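Participant: Here it is, the structure in full.
What follows draws every value from the coordinates through simple rules; no lab data is involved. Keep in mind that this is a model prediction, so the values were computed, not measured.
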Amino acid sequence: MKYRSKAYIRHQRERIIQKKWAILKNVMLRESECMPVRGTLSKGKIHCSCRMCRYEQYHSIPKAKHKAKLKAMEQEIDDYVYFLFLLHCSVKSRDNKLYYSLKINKKNFPTPFVL
């Protein structure tokens, strides 16, 4: 387990308390008299399962990491299709061997090779 100083633990606890306090005050519109003791807000989960707390999940909005993975996969597919297109366009036959010469040097693509 990673060592955490007391200052770090206090900071994280206060950060969570402030977040929950803001939710109770601004979203649930609780008055100062009805608010719980601040120390009790440092325990348990922050969100609930309502539509407001689960907005991205309810409306099927993908997370940033899933968007990045999808974009990388699409780029890889595009590069592969581009590579196949160049391969198909530049086939030359010489000495009963097929020579592929790529005229455009794109990263990660070999320039000439023999099959």
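Participant: Would you work out if region 1-43 is rounded, prolate or oblate? Take a ≥ b ≥ c from the square roots of the eigenvalues of the alpha-carbon gyration tensor; rounded if a/c is under 1.5, else prolate when a/b is larger than b/c, oblate otherwise.
Facilitator: Taking the square roots of the gyration eigenvalues as a ≥ b ≥ c, region 1-43 is prolate.
Participant: Still on this structure, please answer the following. Past 32 Å, Cα to Cα, is the threshold; run K25/K63; K2/K69; K20/K67; K2/K71; K6/K69; K2/K63 against it and keep the listed order.
Facilitator: Listed pairs above 32 Å: K2/K71; K6/K69.
Participant: Residue-wise, which Karplus ³J(HN,Hα) couplings in Hz belong to region 8-21, taking 6.51 cos²θ - 1.76 cosθ + 1.60, θ = phi - 60°, and x for glycine or proline?
Facilitator: Karplus values, whole Hz, x for Gly and Pro: 5, 5, 4, 4, 5, 5, 5, 5, 5, 4, 5, 5, 5, 4.
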